[in-house]
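In what follows, a single structure is set out as structure tokens and then discussed.
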Amino acid sequence: MGNLNTTTLIAALENAPGIIISLIREVPPRYLKRRPSPTKWSAYEHACHLSGSDAPFLARLDLMLSAPQPYIKSIVNSPDDEAGALLSVDLDEALDPYVRERASLVKRLKELSAGDWQRTAKHEAFRQYSVWILFRHVLTHEMLHAYRIEELLLKNDWE
């Protein structure tokens, strides 16, 4: 399962919103909601998507800590979100709960025992899945969206 350095992972999760929010604040307003192509999200949509994404992962944690052989289904973006529903979300109202929910997620993770981190589940799409992998996945998912925001922020051929 690799080196379970939970302290490093928790610190990265704790600091991620600060990185992502500063990135989204750098995007010029005229490009914020602009999609690079009709089927690819704008920087705005990537940021709004991350708000509220901690809740399903906390639900997974609860399931993995309480059920003897939990089964985890993949999360799929809703057709509405893919079609642009996130463009009508208020960005500031989305970022506030993102910061709040992340703080409570971090508090919860700091309370987990070594055994909790190694609890496993059967995942619909992954060969192996543990609490450690779950929260590493939260971080890598978030960094993927951060990278997409940064690409759009730095894109030199918008015009």
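The values are calculated or read from the model by the stated rules, or taken from the named source; none is laboratory data. Treat the numbers as computed from the prediction; the structure is a model and nothing was measured. As a convention, Cβ positions derive from the backbone with ideal geometry for all residues, glycine included, and neighbour counts pool all protein chains shown. Note: areas computed on protein heavy atoms with side chains; ligands, DNA, RNA excluded. Shrake-Rupley method; radii C 1.70, N 1.55, O 1.52, S 1.80 Å.
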Tabulated pairs, the stretch 8-28, first under 14 Å from V99 (Cα atoms), second open to solvent by 20 Å² or more (accessible area, probe 1.4 Å) and assigned to a helix (DSSP H, G or I), C-beta under 7 angstrom, 6+ apart or interchain = A12/L139; L13/L139; A16/L139; P17/V99
Tabulated pairs, the stretch 134-159, first closer than 13 Å to V27 by Cα and free of Cβ contacts under 8 Å to residues at least 60 places away in the same chain, second open to solvent by less than 90 Å² (accessible area, probe 1.4 Å) and aromatic (F, W, Y), C-beta under 9 angstrom, 6+ apart or interchain | none
Scan of the stretch 75-97 for residues that are free of Cβ contacts under 8 Å to residues at least 24 places away in the same chain, open to solvent by 50 Å² or more (accessible area, probe 1.4 Å) and of a type in the set (A, V, I, L, M, F, W, C), ordered by number = I75, V76, A83
If R100 passes every condition in (1) within 22 Å of S66 (Cα to Cα); (2) under 17 Å from the mean Cα position of the chain (by Cα); (3) without any contact (Cβ under 8 Å) to a residue 60 or more places away in the chain but one, which one does it miss?
-> (1)
Would you confirm whether any residue within the stretch 65-74 is under 15 Å from the mean Cα position of the chain (by Cα) and either open to solvent by 30 Å² or more (accessible area, probe 1.4 Å) or among the aliphatic types (A, V, I, L, M) (or both)?
-> yes
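Across the stretch 113-139, what is the number of residues that are in a helix (DSSP H, G or I) and exposed (fewer than 12 other Cβ atoms within 10 Å of the Cβ)? Walk me through it before giving the result.
Of all residues in the stretch 113-139, those in a helix (DSSP H, G or I) come to 114-117, 131-139.
Restricting the remaining residues to those that are exposed (fewer than 12 other Cβ atoms within 10 Å of the Cβ) gives 114-115.
Going through the stretch 113-139 one residue at a time, the tally reaches 2.
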Any chance the stretch 100-107 includes a residue that's surrounded by fewer than 14 Cβ atoms within 10 Å (Cβ to Cβ), part of a helix (DSSP H, G or I), at pLDDT 95 or above and not aliphatic (A, V, I, L, M)?
-> yes
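Quick grid of which residues meet (1) of a type outside the set (D, E, K, R); (2) under 17 Å from R60 (Cβ atoms):
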| position | (1), (2) |
| --- | --- |
| V76 | yes, yes |
| E82 | no, no |
| L86 | yes, no |
| D90 | no, no |
| D96 | no, no |
| V99 | yes, no |
| K110 | no, no |
| R119 | no, yes |
